[in-house]
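Novice: Following this message is one structure expressed as structure tokens.
None of the figures in this text is laboratory data; all of them are computed from the coordinates on show. This is a predicted model, so every value here is computed, not measured. Using ideal geometry, Cβ is built from the backbone for each residue, glycine included, and neighbour counts are taken over all protein chains shown.
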Amino acid sequence: MSTATDRATSEAKAAASSAAASAQVLAEDAQRTFRDAAKHFERAVQDGVEQIRAQSRAYADTAGDQIEEAQRYVVEHVRERPLAATGVAIGIGVVIGLLLAGGRR
């Protein structure tokens, strides 16, 4: 019986050792896969951030151009009709003042 017991013990130890080695290989593969996925995710995020930066620069440039154009338009009209521009500015100021004062009552 001791030979059968020794053999069973030896086979159990070998099976446990094999299972532990397989588990170690699986754990290493999982870690490698997670590292690769993290790198891929990081690259995707960086690409997205770069794309957003490029788009925001384009939008900022467009907005700057439009503001300059609006400023030129206003300056031209004020030079052509200074009294009308002054009247409009006073009217806008009065309306804003009434709106702000109305909230305090």
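Novice: What is the log10 of I(q)/I(0) for the range 52-98, computed with the Debye formula using one identical point scatterer on each Cα and no solvent, at q = 0.29 Å⁻¹?
Specialist: Calculated log10 I(q)/I(0) at the listed q: -0.94.
Novice: Next question, about the same structure. State, to one decimal in nm, how far the label point of Ala27 lies from the label point of Ile90, with both points 7 Å from Cα in the Cβ direction.
Specialist: 8.4 nm
Novice: ³J(HN,Hα) across the range 41-58 via Karplus (A = 6.51, B = -1.76, C = 1.60, θ = phi - 60°), whole Hz, x for Gly/Pro?
Specialist: With coefficients 6.51, -1.76 and 1.60, one gets 4, 4, 4, 5, 5, 4, 4, x, 5, 4, 5, 5, 4, 5, 5, 5, 5, 5 Hz.
Novice: Could you work out how much longer the chain between Glu80 and Arg53 gets when fully extended? Use 0.36 nm per residue separation minus the Cα distance between them, nm to one decimal.
Specialist: Contour length minus the Cα-Cα distance gives 5.7 nm.
Novice: Most fluctuating residue of Ala70, Ala60, Ala21 in a GNM of the chain with Cα springs under 10 Å: which is it?
Specialist: Ala21
Novice: May I pose another question? Report, in degrees rounded to the nearest 10, the 0 to 90 angle that the Cα long axis of helix 82-102 makes with the longest principal axis of the chain.
Specialist: Tilt relative to the chain: about 60 degrees.
Novice: State to the nearest 20 debye the size of the charge dipole of the chain about its Cα centre, where the only charges are +1 on K and R beta carbons and -1 on D and E beta carbons.
Specialist: Computed about the Cα centre, the dipole is about 500 debye.
Novice: Once you've got the GNM for the chain with C-alpha springs shorter than 10 Å, pick whichever of Asp29, Asp47, Asp61 has the biggest mean-square fluctuation.
Specialist: Answer for the Gaussian network model of the chain: Asp29.
Novice: May I ask you to derive the FRET efficiency for Ala15 and Val45 from their Cβ-Cβ distance with R0 = 35 Å, giving the value to the nearest 0.05?
Specialist: 0.20
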